[in-house]
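Notes follow the structure.
What follows draws every value from the coordinates through simple rules; no lab data is involved. Since we're looking at a predicted model, the values are computed, not measured. Here Cβ is always computed from backbone atoms with ideal geometry, including for glycine, and neighbour counts include all displayed protein chains.
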Amino acid sequence: MAAVNVRTGMSGAEIVALSKRHTMTEWSPQAAANPIPIEHAKGSWFWTPEGDKFLDFNSQLMCTNIGHGDERVLKAITDQAAKLAYANPFMATEPRARLGQKLAEICPGDIDAFFFTNGGAEAVENAFRIARLFTGRHKIAARYRSYHGGTSGALTATGDPRRWFTEPGMPGVFRIPDFHEFGADAPRPAAEVLAETEKILKFEGPHTVAAIIIETVVGTNGILIPPDGYMQGMREICDRYGILLIADEVMGGFGRTGKWFAVDHWGVVPDMITMAKGLTSAYVQLGALGMRRHIADHFAEKVFGAGLTYNSHPLACATALATIAVYEEDGLIERAAKSGKTLRAHHERMKAKHPCVGPIRNIGLFGIMELVRDPKSGTPIAGFNETAPEMVALGKFFRANGLYTIVRWNGFFTNPPLNISDEELDFAFDVIDRGLSEVDATLGLA
């Protein structure tokens with residue numbers, strides 16, 4: 001008797017069709033959305049229902065830092081779900097208690113109090129609220145080349161064009177200078193940027209400014225690494241004027257840069273630190289806002305006016321504890337620092353070989369390669385908030401050859417899971433090498 005194939009799930013086409021019919025796709029015209037259907041994932045790879053295999057070279061949204069399907073984390077999730085799936089945030093649970101204690105151990109300086117949220121944007125929203133309540137001031141300073149989340153206040157602080165969808169947004173936000181211009185090969189001198197920043201603060205009235213928020217290393221706006229002296233200078237300016245410094249480490253945290261947090265590279269202790277993504281490696285939704293002890297103590301006798309139903313969720317806190325244990329057990333922070341050197345060598349090899357490659361940047365496994373239309377002038381292949389047919393074609397080439405990453409404007413990201421192997425890096429850059437050869441040929445640079 002002939003075997004009968006029994007389908008146990010939807011096909012990729014069915015998943016995409018139903019998703020597009022009944023759900024909305026983020027940051028996209030709905031008709032143009034073309035999602036990859038994912039059926040399962042393991043390590044640095046994911047598969048479609050039909051078995052097509054992709055190397056996850058962007059850790060999804062720079063978040064699956066420990067890779068997919070780690071059995072230790074999955075066991076922690078199922079064990080916690082069986083024991084206590086939910087408790088309201090007015091209650092205390094062991095995962096919540098232990099996670100706060102653990103984060104106090106790994107966070108910079110005297111940051112040892114935490115408010116657990118549902119994600120990074122919510123952590124940013126609460127940082128603004130606390131800064132205003134603590135200082136009695138109302139203004140928030142932020143940069144243009146930044147992204148802080150998709151909720152109203154976080155988007156207002158965001159500098160990039162995603163902000164436009166919610167304007168006028170939250171009142172009280174103003175801009176300070178960026179340390180890296182679009183398309184530039186190197187950051188601006190720290191002293192120059194800091195002087196301009198202080199000038200703007202004086203125009204705004206520093207006594208009205210509650211906080212400055214910065215992505216320590218800028219993420220989706222280009223993996224922009226601050227010049228030495230910038231973070232230290234920002235700390236000094238904030239101290240001089242009584243302004244709180246908020247480090248947005250939602251992308252840069254949890255080993256992505258080769259340190260627990262990006263600020264650790266410069267020895268700076270912010271007043272507050274926002275985190276999410278790598279906190280649970282995105283296995284379960286969780287964000288956190290860390291703050292220095294004197295800020296938390298401000299609310300000892302004052303109402304802390306914040307909270308949502310799923311804050312401090314025990315399932316999420318247990319997941320975070322298990323994820324942090326994986327970072328430690330597998331030495332992933334140190335491994336990211338080491339693999340970051342290998343990543344840089346691949347970047348440099350591509351730049352030496354392909355005329356279309358312009359600025360390249362990475363710190364740990366947080367990287368980007370920008371492309372240029374003319375190597376002599378350094379003209380970006382696409383302008384700010386623009387695309388180019390060559391970049392569209394490159395994205396399609398990556399996808400057709402089993403490499404997943406984000407192609408945006410004039411560049412593409414190189415942000416793999418921290419446990420990626422050298423062989424997997426070789427595979428990624430073999431695809432990238434062949435894709436860049438096609439770009440060179442299209443531009444007449446070959």
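Would you please classify the overall shape of the range 164-216 from the alpha carbon gyration tensor, given that a ≥ b ≥ c denote the square roots of the eigenvalues, rounded means a/c under 1.5, and beyond that prolate means a/b larger than b/c while oblate covers the rest? The shape class here is oblate. Around the amide H of Val357, modelled in the peptide plane, lie the amide H atoms of Val372, all under 5 Å away and 5 or more residues distant in sequence or on another chain. Span-like helix check, the chain: qualifying full DSSP H segments, with Cα axial length of 20 Å or more and mean Kyte-Doolittle of -0.5 or more, are 120-135, 190-204, 314-329, 422-442.
Helical runs (DSSP H, four residues minimum) scored at -39500 (n - 2.57) apiece and divided by the length of the chain put the mean residue ellipticity at 222 nm at -11500 deg cm²/dmol.
Quick one: if you take sqrt(5λ) for each eigenvalue of the C-alpha gyration tensor of the chain, what semi-axes come out, biggest first, whole angstrom?
Numbers: eigenvalues 236, 178, 80 Å².
Equivalent-ellipsoid dimensions as semi-axes: 34, 30, 20 Å.
Going by Cα centres, the range 323-382 and the range 84-118 are how many Å apart? With the range 323-382 and the range 84-118 each reduced to a Cα centre, they are spaced 33 Å.
Placing a pseudo-label 7 Å from each Cα along the Cα-to-Cβ vector at Asp185 and Ala400 gives an inter-label distance of 3.2 nm. Averaging 1/r over each pair of different alpha-carbon atoms in the range 1-132 and inverting the result gives 19.2 Å, the Kirkwood hydrodynamic radius. Based on Cα contacts under 8 Å between residues 6+ apart, the range 257-304 shows a relative contact order of 28 percent.
Using only side-chain charges placed at the Cβ, +1 for Lys and Arg and -1 for Asp and Glu, the dipole size of the chain relative to its Cα centre rounds to 640 debye.
With both labels modelled 7 Å from their Cα along Cα-to-Cβ, the Met10 to Arg240 distance reads 5.7 nm. Which of Phe174, Phe299, Phe366 moves most in a GNM of the chain, Cα contacts under 10 Å? The residue with the greatest mean-square fluctuation here is Phe299.
In order along the range 37-45, the phi-based Karplus estimate (6.51 cos²θ - 1.76 cosθ + 1.60, θ = phi - 60°) of 3J(HN,Hα) comes to x, 10, 9, 7, 8, 7, x, 9, 10 Hz; Gly and Pro are listed as x.
Step by step: find N for the range 334-375, compute 2.2 N^0.38 Å, then divide the Cα radius of gyration by it. What's the final number? Please report the intermediate quantities before stating the final value.
Numbers: Rg = 11.0 Å, N = 42, 2.2 N^0.38 = 9.1 Å.
Against the compact-globule rule of thumb, the ratio is 1.20.
Let me make sure I get this right: for the range 149-260, a, b and c are the square roots of the gyration tensor eigenvalues over alpha carbons, sorted descending. Under 1.5 in a/c it's rounded, otherwise prolate if a/b > b/c, else oblate. Which is it? Cα axes put the range 149-260 in the rounded bin. Sequence neighbours fewer than 8 away in the same chain don't count; with that in mind, list the aspartates and glutamates whose C-alpha is under 14 Å from Lys302. Lys302 reaches no qualifying aspartates and glutamates.
Under the convention that each Lys and Arg Cβ holds +1 and each Asp and Glu Cβ holds -1, the size of the dipole of the range 15-152 around its Cα centre is about 520 debye. The amide H of Arg143, built 1.01 Å from its N in the peptide plane, has Ile176 as neighbours under 5 Å, considering only residues 5 or more places off or on other chains.
Shape analysis of the range 260-300 places it in the oblate category; the axes a ≥ b ≥ c from the Cα gyration tensor give an a/c of at least 1.5, with a/b not above b/c.
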